[in-house]
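Visitor: Mind looking over this structure? Questions follow.
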Amino acid sequence: MPRTYNFSAGPAALPESLLRQVQTQMLDYDDLGYSIVEMSHRSTPFMEIAERSEESLRRLLNISNDYHVLFLQGGPTLQFAMVPLNLAESGDTVEYAVTGYWSRKAHREGSRLRNVHTATESNHTIPDPDTWVRVRNSRFLYFTTNETIEGVQFSQYPSNRSAPLVCDATSDFLTRPMVVDDFGLIFAGAQKNFGPAGLTVVIVRKDLCRTPRDNEAEYLNYAVHAEQNSMYNTPNTFAWYFAGLYFDWLHEQGGVEEMHRRCQAKSKVLYDLIDSSELYKSRVDRAYRSLVNVTFTLPNEQLTQVFLRRASQVNLKNLKGHRAVGGIRASLYNATTIEAVEALAAFMRQFEAENI
Ligand SMILES: *Cc1c(COP(=O)(O)O)cnc(C)c1O
């Protein structure tokens, strides 16, 4: 059975060479006689894997010693609660930019826990950060670098002058350069750009972390996880190991600058096609179109279904838009090849010629 062109939004396609490497190590890791998923997280081989993985990520993004790098569970969704719980006290004000589905969900969770001020709210575009309504004494300004569902991406980040920046970078993490020093905290789930599901990397400035108070859960505290090197309890050892391979693979491919160049090239193929098409329409403001989640619509639901069925028949898989918005979404994360994108573009041209 040949591998298909997989445009899944997440858990997403992984580099084929890494899947093969993992397969060969699955019965016997490094002549130990057992696999990576059968060893203690406190054993020497796993501790080495964990350290190497963190070190590789630190080099990819040039992360200084002022930051903890944590490998946590619970997904980005748990960070929607951990961020306000750790970076603000009850009664404190925090700011959120609501630019789509995921930031809206984070905003809702934040509002249950702290005083939330909405700095901006938009759909299918991102208002210039200079026009956002800001408040004094905010503990952080939260935003989502790439809205995975709508396909909207920040081209430039807001300024960190009045409050530390916090971002959910899940869907474009390691697909573009980032100046970590500009941020208070960055988090990203692995299942889009750097591994299987069940692992979330949190990069947090050390001075923003504090030990838990008497009425707070230890498990929800960054300082506790940092103190224990992300082994407060059993971590997702498999995902952590896989992420380490993925970070090394990114170095071999040329690092995040090269990934950014590829994402620009891949998305351009589809956006150029959409812009010259009568059939496919993009709802997203041109300046903020995502380089990693290309969304578009067809004139009606019936034709959308035919498109998906025909695409699947020629091995172009997982192109259905999120149930919240419908339409089509092609996710072009780090492991998606230009060859896959060109196969999709060829199909789209042919489908248009037959249906216009
Ligand atoms: C996928 C995604 C999430 C949710 O991830 P979970 O693992 O389901 O918690 C959150 N934010 C963004 C930007 C995402 O793309």
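The values are calculated or read from the model by the stated rules, or taken from the named source; none is laboratory data. This is a predicted model, so every value here is computed, not measured. Note that we place each Cβ from the backbone using ideal geometry, even for glycine, and neighbour counts take in every protein chain shown.
Visitor: Looking for whichever is more than 16 Å from the ligand (Cβ to nearest atom), hydroxyl-bearing (S, T, Y) and either in contact (Cβ under 8 Å) with a residue 40 or more places away in the chain or crowded, with 22+ Cβ neighbours inside 10 Å (or both) here; the options are T120, T125. Which one fits?
Guide: T125
Visitor: Something else: Can you give me the ranges of the helices (runs of 4 or more DSSP H) entirely in the range 13-125 with at least 1 residues that are among the basic types (K, R)?
Guide: 16-25, 44-61, 101-113
Visitor: Suppose we keep only residues that are within 16 Å of the ligand (Cβ to nearest atom) and within 18 Å of A163 (Cα to Cα) within the range 90-102. Which one would you say is surrounded by the most Cβ atoms within 10 Å (Cβ to Cβ)?
Guide: The residue in question is Y96.
Visitor: Among the residues of the range 174-197, what is the count of those that are part of a loop (DSSP other than H, G, I, E, B), within 9 Å of the ligand (Cβ to nearest atom) and crowded, with 22+ Cβ neighbours inside 10 Å?
Guide: Residues in the range 174-197 being part of a loop (DSSP other than H, G, I, E, B), within 9 Å of the ligand (Cβ to nearest atom) and crowded, with 22+ Cβ neighbours inside 10 Å: 0 in total.
Visitor: Name every residue in the range 153-173 that is within 11 Å of the ligand (Cβ to nearest atom) and among the aliphatic types (A, V, I, L, M), in order of residue number.
Guide: Matches in the range 153-173: A169 only.
Visitor: Follow-up question, since we're still on this one. Being within 25 Å of S90 (Cβ to Cβ), crowded, with 22+ Cβ neighbours inside 10 Å, touching a residue at least 12 places away in the same chain (Cβ under 8 Å) and away from the ligand (no atom under 13 Å from the Cβ): is that true of L141 here?
Guide: Answer is yes for this residue.
Visitor: Right, another one. Out of the helices (runs of 4 or more DSSP H) lying entirely within the range 234-313, which hold 1 or more residues that are out of contact with any Pro (no Cβ under 8 Å at 6 or more places or on another chain), of a type in the set (G, A, S) and surrounded by fewer than 20 Cβ atoms within 10 Å (Cβ to Cβ)?
Guide: Output list reads 255-275, 301-313.
Visitor: From L113, L87, grab the single residue that is crowded, with 23+ Cβ neighbours inside 10 Å, under 18 Å from A217 (Cα atoms), more than 16 Å from the ligand (Cβ to nearest atom) and at pLDDT 95 or above.
Guide: When all the criteria are applied, what remains is L87.
Visitor: Output the residues belonging to the range 149-179 that are of a type in the set (S, T, Y) and over 20 Å from Q264 (Cβ atoms).
Guide: Result: S159, S162.
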